[in-house]
Amino acid sequence: MKEKEQELLLLIEKEGRMAEATLAKMLDTSKEDVSSMLRSLEKKKIILGYSAIIDWTKVNIAETVTAMIDVKVTPKRGVGFDEVAERIYRFKEVKATYLMSGTYDLSVVIEGRSMSEIANFVSEKLSTLDSVISTTTHFQLKKYKHDGVVFGEDEDDDKRMVVSP
Amino acid sequence: MTSIKTSHHPQLSDAVNRIEPSGIRRFFDLASSMDNIISLGVGEPDYSTPWNVREASIHSLERGVTSYTANAGLIELREAISRYLQKRFQVSYDPENEVVVTVGASEGIDLALRAILNPGDEVLIAEPCFVSYAPLVSLVGGIPVPIPTSIETDFEVDAAEVEARITNNTKALMLSFPNNPTGAVMGMEGLKKIAEVVIKHNLIVLSDEIYAELSYDAEHVSVPVLDGMWERTILISGFSKAFAMTGWRIGYVAAPEPYAKAMLKIHQYAMMCASTMAQYAALEAMTNGRDEMEEMVTNYRQRRNFFVKSLREIGLTCHTPGGAFYAFPSIKSTGLTSEEFAEKLLIDQRVAVVPGHVFGEGGEGHIRCSYAASMKQLEEAIERIDAFLKSL
């Protein structure tokens, strides 16, 4: 991969909405070059999407509950953990699935409208899968920092003097 | 209770009367009285000090490490500085005898000048430059002699210009690259020519390399690395810019033992030692601060690219600043002086920049814009400057 592409990826990973013209100037290249790099990175599925980081606690109508579930499973011959992982991550409630080292196998992040909705999902969908041995559900109580972004107060407002040598 | 007052006329020294308050002050007062300002007038990073550095200092306080350190600074810190200078810039200094930890690079500049100057000694100063050099020279009875640089030569110092100003009284040459306010850098080739002149006339060089890490297009060349220069160079640097530690006031000087010892003598009487908690913070910055610092440098480079290109797009002539975090565009095409331009821009469009003339000769006709600001602020600033230029 070209150095410019890597630099571009790092920039848009932090700030996905930057205009192509701005990115072009920052990377010391043309707007066309940035467009074509983005298109090719999208095509190669290196860029999988562009999304916003939202503090839903500030949106009254749409409070959601997030749970992180530790799942122990029996891996299957030939496909290992991949098959059961796939069966799990295909549910649309599942926001993330990771294979973990340590005392359990899969870490599953689930979002729902209420605790009971998540409880239902765990008891009816997740636990009933053949390969699943056990689940431990942890509900998130508060989000402090997500994907490198601090939620709540902005400690980084400019405290500098307006003019200094 | 009131005490009885006697008549007393302030009796100030000639030295302090000789110097003027910084030209930035008036601007600061004006800008401070306004709201909704985008400030490109700040000579410091827009980042807070990396958390691990802050945390190390908090930890030092928790452990109760609140006493004086050795005058020259914590030996661990001096060793770390010495290793860093060797690894990063290939210059060797003995941490025991050739490094002194100072209260910011500013104290380092003062120490160096006080250690070498006799009244009447002339100091050549490459200008435009940081506002404190000439006043500090004057304070110890020295005579500052400016060497102007200009946009035509990308604000590099021309060896012939240096030589032309050397007299029997010339004692030292002050260099500062990457430069505040121009962002100029000097490579090996240009420095070699200057070194030749310096060696020929047996001058001392004071090299303020506080912005060394903030070099974007080429590796920084440290002055003492050049042949024949180590023995005649006082290297001044610090943590403020690269590690976003301006408020900690922590820097250092590195020089051959006789110079370092002389500076240490002044430092031990005037300052005792640099702040202990700041020294522990600096030690953490030296030990574990590299990754975060490099990330900041990458961000500055990208913002520089954006900002300089944008300035050119809206019609200002601007050389490519190879380091620091300043762009120094020419505003001569507007027919305004730097002062008029900066003041009008501030009042009309609420963008604070610093007029170039406050940085000495060669600065008139330019404005200093710091791009140590968020991309959002920079984009907005460009729009406002564009609107301002169109309104002229």
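The values are calculated or read from the model by the stated rules, or taken from the named source; none is laboratory data. This is a predicted model, so every value here is computed, not measured. Neighbour counts run over all protein chains shown; Cβ positions are idealised from the backbone, glycine included.
Only residues that are over 21 Å from residue B:297 (Cα atoms) and of a type in the set (S, T, N, Q) were counted in the range B:310-330, giving 2.
Scanning the range A:56-81 for residues that are touching a His at 6+ places or on another chain (Cβ under 9 Å) and either among the hydrophobic types (A, V, I, L, M, F, W, C) or not assigned by TED's automatic domain parsing to the domain that holds residue A:115 (or both) yields A:67, A:68, A:69. Check the range A:18-37 and report whether any residue there is within 14 Å of chain B (Cβ to nearest Cβ), within 22 Å of the chain's Cα centre (by Cα) and surrounded by 11 or more Cβ atoms within 10 Å (Cβ to Cβ). Yes. The number of residues in the range B:309-338 being touching a residue at least 60 places away in the same chain (Cβ under 8 Å) and touching a strand residue (DSSP E or B) at 6+ places or on another chain (Cβ under 8 Å) comes to 11. Of the listed requirements (1) surrounded by 20 or more Cβ atoms within 10 Å (Cβ to Cβ); (2) closer than 24 Å to residue B:171 by Cα; (3) among the basic types (Lys, Arg), residue B:241 misses just one: (2). Check the range B:143-165 and report whether any residue there is in a strand (DSSP E or B), touching a helix residue (DSSP H, G or I) at 6+ places or on another chain (Cβ under 8 Å) and farther than 22 Å from residue B:364 by Cα. The answer is no; no qualifying residue exists. Of all residues in the range B:260-289, those that are part of a loop (DSSP other than H, G, I, E, B) and either hydrophobic (A, V, I, L, M, F, W, C) or over 30 Å from residue A:15 (Cα atoms) (or both) total 5. Scanning the range B:91-126 for residues being within 14 Å of chain A (Cβ to nearest Cβ) and not small (Gly, Ala, Ser) gives a total of 1.
If the condition is being within 18 Å of residue B:387 (Cα to Cα), of a type in the set (Val, Ile, Thr) and assigned to a loop (DSSP other than H, G, I, E, B), then the range B:290-327 contributes only B:314. Scanning the range A:24-33 finds one or more residues that are more than 20 Å from residue B:374 (Cα to Cα) and not in a helix (DSSP H, G or I). Checked against (1) in the same structural domain as residue B:100 (by TED's automatic domain parsing); (2) charged (D, E, K, R); (3) not in a loop (DSSP other than H, G, I, E, B), residue B:219 passes all but condition (3).
Scan the range A:41-57 for residues that are of a type outside the set (Lys, Arg) and part of a loop (DSSP other than H, G, I, E, B) and jot them down.
Within the range A:41-57, A:46, A:47, A:48, A:49, A:50, A:51, A:52, A:53, A:54, A:55 qualify.
Working only within the range B:295-327, note down all residues that are away from chain A (no Cβ under 14 Å) and under 21 Å from the mean Cα position of the chain (by Cα). The answer is B:319, B:323. Looking for something modelled with pLDDT of 90 or more and either within 14 Å of another protein chain (Cβ to nearest Cβ) or on the phi > 0 side of the Ramachandran plot (or both) - is there at least one such residue anywhere in the range A:120-133? Within the range A:120-133, none of the residues are modelled with pLDDT of 90 or more and either within 14 Å of another protein chain (Cβ to nearest Cβ) or on the phi > 0 side of the Ramachandran plot (or both). Does residue A:159 fit the bill of being out of contact with any His (no Cβ under 6 Å at 6 or more places or on another chain), more than 14 Å from chain B (Cβ to nearest Cβ) and exposed (fewer than 13 other Cβ atoms within 10 Å of the Cβ)? In short, no. Being within 14 Å of another protein chain (Cβ to nearest Cβ), in contact (Cβ under 8 Å) with a residue 12 or more places away in the chain, assigned to a helix (DSSP H, G or I) and not hydrophobic (A, V, I, L, M, F, W, C) is the requirement here; does residue B:231 meet it? Taking the combined requirement at face value, the residue does not satisfy it.
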